[in-house]
1. If you count only protein heavy atoms with a 1.4 Å probe, what accessible area per residue comes out for region 304-381, rounded to a whole Å²?
2. Springs between alpha-carbon atoms under 10 Å, Gaussian network over the chain: tell me which of ASN51, ASN346, ASN94 tops the mean-square fluctuations.
3. How large is ³J(HN,Hα) for each residue in region 53-61, as worked out from phi by the Karplus curve 6.51 cos²θ - 1.76 cosθ + 1.60 (θ = phi - 60°), to whole Hz, x for Gly and Pro?
4. Compute, for the chain, the length of the dipole vector about the Cα centre, with Cβ point charges of +1 (Lys, Arg) and -1 (Asp, Glu) only. Units Debye, rounded to 20.
5. How much accessible area per residue does region 42-285 have, counting only protein heavy atoms and a probe of 1.4 Å, in square angstrom?
6. If you place +1 on the Cβ of every Lys and Arg, -1 on the Cβ of every Asp and Glu, and leave all else neutral, what size is the dipole of region 150-278 about its Cα centre, to the nearest 20 Debye?
7. Given a Förster distance of 45 Å, report the FRET efficiency between ARG11 and ASN346 from their Cβ-Cβ distance, rounded to the nearest 0.05.
8. For n ≥ 4 DSSP H runs only, could you compute -39500 (n - 2.57) per run for the chain, divide by its residues and tell me the 222 nm figure to the nearest 500?
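The values are calculated or read from the model by the stated rules, or taken from the named source; none is laboratory data. Because the structure is predicted, anything quoted here is derived from the model rather than measured. Here the Cβ positions follow ideal geometry from the backbone for every residue, glycine too, while neighbour counts run over all protein chains shown. Just the protein is used for accessible areas: all its heavy atoms, side chains included, with ligands, DNA and RNA removed. Shrake-Rupley method; radii C 1.70, N 1.55, O 1.52, S 1.80 Å.
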Amino acid sequence: MAAYTLNPQDRQRLQDLQTEIARRTENFLGYPVSKDFDYSALLPFLSYPLNNLGDPFADSTWKVATREFEREVVTFFAELLRAPANNWWGYVTNGGTEGNLYGLYLARELLPKGMVYYSQETHYSVAKNLHFLGMRSIMIRSQKSGEIDYDDLRETMRIHRDCPPIIFANIGTTMTEGRDDISAIRAIISDLALQQSYIHADCALSGMICPFIEPRPPFDFADGADSMSISGHKFLGSPIPCGVALAKKSNVDRIARGIAYIGSLDTTITGSRNGFTPLVLWQRIRELGLDGMRARVEHALATAVYACERLRALGVDAWRNPGCITVVLPSVPDAIKEKYQLATANGITHLICLPNVSTAQIDAFITDWQSAQQAAAQPAA
Ligand SMILES: *Cc1c(COP(=O)(O)O)cnc(C)c1O
């Protein structure tokens, strides 16, 4: 067969795109993804049709896979998030959304008559997932911090006490990084004497932060979660979206049995699965180790404190939740929003101090903000 290659014009288009992507990557401060990574050691693996199809813990006749590395990655997260020893299962997903879908699916199979409760500040993908799954749900008020309103949750669960509650908890909301307290939710369930319940924790960004701060927020399996989802491309950083879904194995087995008659362990949401991203996460875990991860969290928190202080010194009403790297801003000059790719929702904007953000970058941001303030103060010519 002829060897096909791109023509020079097409190559040039890719070259131009790369230049543009590099420029756009430099400035952004408004999205929760790290960019301090170098995965060039993994480039040779792009030459193979990697596919981890099926269950990472089951054998498959397809061997062009990275399942062994995927199992190591999932094991690392199971320990980090204090999953019950010998009673957990999980896999590398295409991102936080898939892990959330998986957790809700599991909850629905276990509690078909369940009612899902989730707060106002929950990620937009969750309402869509609930619709896919045909689950009944009720939205609960959020506090200003982004954390769920426990009084509203208690009262609503009490009214619907004939339905087993399925709580979709946020461990770091998208806009303010508000974290629901899993222990407090467990206490309400127990106080209402509800016999059956399920808690899924959406830890997209904060799942990589909470294990490394003191006091450790009540957010994981040991605190009462039944399943968790975390994004790999957010705090850790990855060129391709990815994440990890984790659940209690005893629950997974109950639903896996139901489909065992098709002769396969079709436990994951998709059939074909990415075999490259488990290598990305594996490299990151190996090169950083727990100490490296803790250092990145400490650096990010210090940057957030610094950013908040500098903005407040300018008279900007910036704030952040304790132990969080998201700095919440009121109205932001358009030029700043544009330059730093800041997301805005419900009248608030945020900047997220990921580990790659330096105080020098914050200084540049402050200088731009001052210029924008001065420009706004000038009477129009
Ligand atoms: C980003 C985010 C998600 C979605 O995760 P993806 O990895 O982008 O699919 C879900 N929940 C929260 C709170 C998020 O911030």
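1. Numbers: 3780 Å² over 78 residues.
Accessible area per residue, region 304-381: 48 Å².
2. Highest fluctuation of the listed residues: ASN346.
3. Coupling constants for region 53-61: 4, x, 6, x, 9, 9, 6, 9, 6 Hz.
4. Working: 36 positive and 41 negative charges, 105 e Å.
Using Cβ point charges on Lys, Arg, Asp and Glu, the chain gives about 500 debye.
5. On the way: 10100 Å² over 244 residues.
Accessible area per residue, region 42-285: 41 Å².
6. Numbers: 12 positive and 15 negative charges, 96 e Å.
Computed about the Cα centre, the dipole is about 460 debye.
7. Details: r = 44 Å, r/R0 = 0.97.
The pair ARG11/ASN346 has a calculated efficiency of 0.55.
8. Taking each H run of at least 4 residues, the total per residue is -13000 deg cm²/dmol.
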